Structure formats: C-alpha cells, structure tokens
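Presented below is the structure to which this report refers.
Nothing in this text is a laboratory measurement; each read-out follows from the coordinates by a stated rule. These figures come from a predicted structure and were not determined experimentally. Here Cβ is always computed from backbone atoms with ideal geometry, including for glycine, and neighbour counts include all displayed protein chains.
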Amino acid sequence: MRNLIIGSGITGLTIGKVLTNKKIGFKILESQSEIGGRLQTSLISGHFVDVGFQVLLRKYPALKLFPEINELDFMDMKSGFIIYKNGSFYKILNPLRNILGLIYYNKFPGFSLKDKLLLIKILTLSKPLNKEIKTLEYLEEYGFSKTFINDFFISFFQGVFLDTKLNVPLDYFLFILRLFSYSKVSIPIGGISKITSVILDKIDKNKIILNTEVIKVLENKVLCSDGKEITFDKLICTSHMIEKTFIKKINKDIFKDIKYNGTLCFYYLIKINNIEDRIIYLFPKSNNISSLYFKKIKEGEYLLCISSLNKNCSYLDIENEIFSYFNKIDSIKLLKSFTVNNGLPIMENFYKYKNKSFMKYSDNIFFAGDFLSTPSLNGAIESGINVSEVIS
C-alpha cells in the first residue's frame with residue numbers, strides 16, 4: 001500500500017513510527033532540508049538555542065509511544081516561578097513538588113490565602129461542569145482574585161499558549177495547569193530537536209525525502225517542485241497549508257481561516273551575579289517580556305532566554321528593560337533572536353476534532369496535526385497515533 005505523508009514534523013514522524021511498528025509501507029515528503037517541523041535547534045557560538053522557548057512536560061500521556069524520549073539528558077526547570085512586583089522579586093515554589101513552597105516560598109503581593117486554597121482545590125479536586133465557559137471567566141467565577149488571575153494565570157500561561165487572553169478550551173487549560181504542577185518541566189540537553197532525533201531513530205531514514213515541496217495534489221498523486229510525480233493510495237497531510245495545493249475538484253476549502261499565535265525569542269549572553277537559574281521569571285506589568293529564564297554557563301555567566309508576544313519590540317527594547325530589573329549586570333550581548341510567526345494554532349473550530357484529533361478529508365486523504373488536536377507536542381503525537389490506526 002502506498003501511504004504518502006506530507007511533513008516530517010512530530011505528527012509525520014509519529015505516523016512513520018506507528019506504520020513501521022505495523023510493518024506497513026510509507027514515504028514522507030519534507031519541503032525543508034531538515035526534519036522536525038517547529039522543533040528546531042540552532043548551534044550559535046557554541047550554544048544550543050531553540051527556535052522559540054520550548055519545554056517538555058515529561059508526563060505528557062502521548063509520550064508513552066516514545067519512552068526513549070524520557071531517557072534523554074535533560075535540564076530540569078525548577079517547579080515554580082519568580083515574579084517582579086512593586087520593584088521587588090518574589091519567589092514562589094510549587095508546594096506539590098517542594099515543601100518549601102508550602103512553608104516559605106508562597107507569597108507575593110496579591111496572592112491571598114483564598115487564592116492559595118482555591119489553587120490547591122483546582123489542582124486536586126474540581127472538574128468543570130460547563131466546558132463551554134471561557135477560561136478567564138471560569139477562573140473569575142471560581143473565586144480567584146483579579147490580581148492573582150493577572151499576575152499568575154495570565155502572566156505565566158500567556159507564554160505557554162502564546163495568548164494574553166488565555167483563549168484556549170477550558171479542559172485543555174486545566175490539563176496543562178495540572179501537568180505543570182505534577183510533571184517535570186524540562187529542556188533536553190542539546191536542545192528541543194533532540195526529541196526529533198529520538199523519534200527519527202525508530203524509523204527508516206530512507207523513507208524520508210527532503211527538499212521536496214508539494215505544489216499540486218490530485219486525486220491519487222502529488223506533483224513536486226522538482227518535477228516528480230508520486231502516486232498514493234492514502235495521503236496524510238500534517239499541515240493545513242497543503243489544502244491550498246489541492247485541485248479544485250477535491251478542495252473543500254475547510255482550513256482557509258486557521259490562524260496561529262506567534263512569539264519573539266531573544267537569546268543573550270549575560271554576565272551577572274546573584275541570580276537564580278532554571279526558573280521562570282514573570283513580569284506582569286511588562287508590555288515586552290512574557291517570561292525569561294537563565295541557564296548557567298559558569299559562575300557569573302549565563303545564557304538568558306527571553307520570550308515576547310509583542311511583535312514590535314526590538315532587542316534594544318528588551319535589553320533596556322532587563323537593565324531596569326537587574327542592577328548587577330556586568331555585560332549583556334545579543335546572541336540570536338527568532339521570530340516565530342506560526343507558533344501555535346488558535347483552537348476555535350478544530351479542537352480535538354470530533355474527539356478523533358484528525359480529519360478524514362475524503363476516502364483516501366487525511367489531515368492530522370496539533371491544529372486538529374491540542375496545540376502541543378502531546379497533541380501532535382496524539383493526532384499521529386489516531387490517524388495511523390485508521391489508515392492501517
């Protein structure tokens with residue numbers, strides 16, 4: 001059977017892994033010179049930097065397909081955050097993972113006792129009866145103070161969802177909130193692309209054809225930019241953009257309105273003293289900085305990663321703001337910046353599509369990816385697994 005997969009991101013590679021396990025033939029077409037989709041890492045001046053700040057929640061359910069991923073070497077982030085308020089920094093540790101978060105590191109202005117009790121309740125007991133309610137509206141009705149909603153929920157999770165309004169389905173928000181509370185949050189040593197490498201090791205690399213862009217999709221074959229014509233029995237598209245290449249006879253124009261949230265990511269080399277590394281810093285009143293963290297290189301020297309949802313800010317805007325927060329900086333130098341326009345899909349019409357996380361577009365054409373599941377690594381893998389069960 002000629003199964004043709006377009007795209008070698010996590011969903012495409014997952015499909016390849018499942019079909020390999022089932023000893024079913026396939027080919028993967030990739031328009032770029034590298035695999036991995038949005039999981040990309042660059043080596044800049046001896047430092048591995050990811051294209052956009054990305055972390056791995058180690059208890060993602062879909063990772064069960066790839067137990068080898070959890071065997072990678074990781075830099076584990078500290079479970080908590082440091083928040084800048086009223087000219088001071090306050091450290092908060094997750095009491096579910098560190099007892100000091102219950103005894104000492106558990107306060108900042110506006111974090112009331114009621115907020116603390118409600119946070120424990122929402123993490124351990126409650127399930128929403130009305131899943132259609134907006135996330136922010138749910139948090140308000142739950143009883144959290146407006147200050148805590150802004151300073152924690154919005155300030156922390158805007159960097160996760162790339163959305164300052166937390167406009168994600170409520171059950172998905174609670175799923176991610178609880179994972180951040182109970183799971184290790186890690187970055188692979190060597191960058192996020194190490195995850196791709198692990199998956200690639202489980203499939204035949206000869207089945208992946210790089211630098212091959214699909215320019216037209218017909219009923220049973222695709223035309224490529226290099227002139228190749230490749231026939232298929234079943235076609236699995238892992239990007240909604242492929243629909244634009246469908247001939248009129250088969251094009252249903254389903255995905256024309258899909259949009260993405262994006263981000264800017266800045267990496268600096270910074271010399272600074274008395275700073276805490278491997279923990280997220282939050283700046284609720286900043287219009288430029290969504291979050292940042294320090295990775296220690298050696299004593300007094302760090303790699304600083306900063307995320308911004310403000311597409312108009314420059315590295316100088318970021319740099320000046322950093323100097324306003326930290327007064328013990330000896331030097332700071334921009335290493336690299338990335339603009340990620342298509343960071344995460346906005347989940348409006350296709351969230352967990354029909355509880356399947358993939359779409360049967362026609363008798364022999366399927367779509368799969370996080371845009372039909374949940375906007376995450378877990379969603380990308382889940383979609384790949386589910387569509388594989390149908391096409392095989």
At 222 nm, what value in deg cm²/dmol follows for the chain if DSSP H runs of at least 4 each add -39500 (n - 2.57) and the sum is divided by all its residues, to the nearest 500? -6500 deg cm²/dmol
Calculated from backbone phi, Karplus (6.51, -1.76, 1.60) coupling profile of the range 139-147 in Hz, x at Gly/Pro: 5, 5, 5, 5, x, 5, 5, 4, 5
Farthest toward the dipole's positive end in the chain, which of ASN3, PHE283, LEU43, given Cβ charges of +1 (Lys, Arg) and -1 (Asp, Glu) about the Cα centre? ASN3
Looking at the range 16-73, which chymotrypsin sites (Phe, Trp or Tyr not before Pro) are in a loop (DSSP not H, G, I, E or B) and have at most 16 other Cβ atoms within 10 Å? none
What's the ranking of 227-240, 332-345, 3-16 by average number of surrounding C-beta atoms within 10 Å, highest first? 3-16, 227-240, 332-345
Where N is the number of residues in the range 275-323, Cα Rg divided by 2.2 N^0.38 Å: 1.17
Among the listed pairs LYS107/LYS131; LYS17/LYS234; LYS64/LYS194; LYS165/LYS296, which have their C-alpha atoms separated by more than 25 angstrom in this model? LYS107/LYS131; LYS165/LYS296
Debye, to nearest 20: dipole size of the range 98-182, +1 on Lys, Arg Cβ, -1 on Asp, Glu Cβ: 240
Using the Cα centre of the chain as the reference point, and only Cβ charges (+1 on K/R, -1 on D/E), how large is the resulting charge dipole? Debye, rounded to the nearest 20. 620
Sorted by packing (mean other beta-carbon atoms within 10 Å per residue), highest first, where do 141-148, 281-288 land? 281-288, 141-148
Principal axes of the range 98-182: Cα extent on each, largest first, Å: 36, 25, 22
Taking the structure as given and computing Rg/Rh (Cα atoms, Kirkwood Rh), which label from (i) 1.02; (ii) 0.99; (iii) 0.96 fits? (ii)
Return the whole-Å distance between the Cα centroid of the range 18-86 and the Cα centroid of the range 246-286. 15
Approximate spin-label separation ILE103-LYS207, in nm, with each point projected 7 Å along Cα-to-Cβ: 5.3
Furthest towards positive pole of dipole, ILE203, SER193, SER183, structure part the range 181-220, Cβ charges: SER183
Excluding residues fewer than 8 positions from LYS252 in its own chain, the aspartates and glutamates with Cα under 16 Å of it are GLU219, GLU243, ASP363
Kindly rank 78-84, 181-187 from highest to lowest mean number of other beta carbons found within 10 Å of each residue. 78-84, 181-187
Hey, how many Å between the Cα centroid of the range 307-380 and the Cα centroid of the range 91-127? 27
